[in-house]
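Here the structure comes first, spelled out in structure tokens, and everything after it is commentary.
The values are calculated or read from the model by the stated rules, or taken from the named source; none is laboratory data. Fair warning: this is a prediction, and the values are worked out from it, not measured in the lab. Cβ: placed from backbone, ideal geometry, glycine included. Neighbour counts: every protein chain shown. To get the accessible areas, we keep the full protein, side chains included, count just its heavy atoms, and leave off ligands, DNA and RNA. Shrake-Rupley method; radii C 1.70, N 1.55, O 1.52, S 1.80 Å.
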Amino acid sequence: AMKFNGYLKVRIGEAVGLQPTRWSLRHSLFRKGYQLLDPYVTVSVDQVRVGQTSTKQKTNKPTYNEEFSTTVTDGHQIELSVFHDTPIGYDDFVANCTLHFQDLLRSAGPSDSFEGW
């Protein structure tokens, strides 16, 4: 498999169509607002977290427009994960997506940038 060495810049634009988690639904019996999430996005390269957005309150279509940069050595994949920020305990997993550097490098044009998920 092709590995990536270089400078990576990731821009998190927005998330759409996020679904309530079991935790948020359990609490929606008391307050309707809990069907909405307090979502944030993490950026990881090969299981190492390299960035995390701010948390947006009560929305299932958050807009971030936040950017993260890191130097990558022998990179295999980038993982983007969305979590619901819970007041207590572990934050709730909402969704994720894995992008392989190999596929990104293959589809990148002369500008070496990729727009996707």
Failed criterion for residue 49 (all others in (1) open to solvent by 70 Å² or more (accessible area, probe 1.4 Å); (2) modelled with pLDDT under 95; (3) under 21 Å from residue 15 (Cα atoms) hold): (2)
Filter pass, residue 83 being under 20 Å from residue 35 (Cβ atoms), among the hydrophobic types (A, V, I, L, M, F, W, C) and open to solvent by 30 Å² or more (accessible area, probe 1.4 Å): yes
Residue list for the range 81-117, restricted to those being at pLDDT 80 or above and of a type in the set (Asp, Glu): 85, 91, 92, 103
Residue satisfying all of: in the range 58-82; closer than 18 Å to residue 100 by Cα and without any contact (Cβ under 8 Å) to a residue 40 or more places away in the chain; nearest to the chain's Cα centre (by Cα) among these: 79
Matching residues, the range 1-16, being open to solvent by 30 Å² or more (accessible area, probe 1.4 Å) and in contact with a strand residue (DSSP E or B) (Cβ under 9 Å, 6 or more places away or on another chain): 1, 2, 3, 4, 5, 7, 9, 11, 14
